[in-house]
Structures are given as structure tokens and as C-alpha cells.
């Protein structure tokens, strides 16, 4: 696809995000959602990630076309299962095994997708991060690794939602992560993984949870 075929706003968002990631380490990835009316084909998105050294991506579902495009890319993938299935999958190991077999295992082959399956996402920073750590400490899970599944800043649609604010927030976040300072309750221990939201512009994503969802 020629550059001229890209939606201008989408191209700007991709370039903005890429600018952040070029300065990041391998433990910082991106979210790849599909709630958009101008979706790029999965192979093109994978090529963009490879060209810009994005080594980790989190998917919100197991879209076969996306997983096929990621096979052989050497990009590490974290897959989320549907929210409506969380209770069932967490309470039934057999059901969970069947879901993984049907939706994940077929892509985890030699030369295939480097896959991680995760069904709990955390999306806050220092203050909220330490709130979570404190809660884990109270139930004797204080050493549990924490994954930041979504973190970002909007570029439109709300007060202070603009490119400048988004750039300042994301660049500051990346600098903080790369400093390895951690937080007050976990000094020197940054999150295991952090996924920036989002790789692509998803203007069809619901705002019911709030303007900053």
C-alpha cells in the first residue's frame, strides 16, 4: 500500500508512537486493537512493527488473520481472552485448555508466533501501581510480577487530549521505565511488561467507560 493510501490522522499516530518506541527497550510493547473503520491489513502492520523494532504486542482477541501474519515475525505476542469468558476460564482448567488449544496452540509452532497468554491486565502507574502492590502484599503475593496491559494518553475527544500532551506523557513514561527506578513499594523493580495504548487509531472503540478509556 502506498503511503498516500493511509488515513492522514492514522499515519500521524503511527509515526508519533514509533518515535516513542525507538527510544525504548524490548520490555515495552504496544496494544493492537481492531475497532476501526480504516483497518490496515495485518501483514502491513507486522511489517511496520518489524521496521521500527517493536518486539512485543498485546492482542485483545485471537483474530486468525493477525496471528497468521505474526507467525515467523519474531515478535512476542500476549493474547487476551474475552472478558465474558474470564470467570469460566478461571474456574475450569479443562475449558481453559480447550480454549487455548483452539485459539492459541495452532500458532505456536516452530517458526510461528512467540506467544504469551494472559487474562489479567493492569493499567495504572506509580500511585495506582503501588496501590496494587500494597494489596498483593496483604495477601502474601508481594513478589508477583505485574504487567501493565494498557497505558496511554488520548489525542482527541476530551479536554487536554492532544498530540503534545500524549507525547509528553508517553515519553515521560518511557523515560521513567528505562530508569529502572521502580516505585516506592518496589524500588528498582519496574513492571515486567508495559504495553502502550495503542498501535493504531481505533475510533470505533466504545467510550462508555469514560473519555479516557
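Compared with the alpha-carbon gap, the fully stretched path from residue 181 to residue 126 is longer by 18.7 nm at 0.36 nm per residue. As an equivalent ellipsoid, region 35-107 spans semi-axes of 26, 14, 10 angstrom, where each value is the square root of five times an eigenvalue of the C-alpha gyration tensor, largest first. Spherically averaged projected area of the convex hull of Cα atoms, region 126-208: 6.6 nm².
Order by neighbour count: 49, 144, fewest other Cβ atoms within 10 Å first, most last. Don't jump to the answer; show the numbers that get you there.
Values: 49 22, 144 12.
Ascending number of Cβ neighbours within 10 Å: 144, 49.
Rounded to 0.05, the FRET efficiency of the residue 139 and residue 165 pair, given R0 = 35 Å and the Cβ-Cβ distance, is 0.45. Projecting label points 7 angstrom from Cα along Cα→Cβ for residue 192 and residue 44 puts them 3.5 nm apart. Cα convex hull, region 28-196: 153 Å³ per residue, rounded to a whole number.
Bear in mind these aren't lab numbers, they're just calculated from the coordinates by the rules spelled out. Just so we're clear, the structure is a prediction, and the values are computed from it rather than from any experiment. Every residue, glycine as well, gets a Cβ built from its backbone with ideal geometry; the counts of neighbours run over all protein chains shown.
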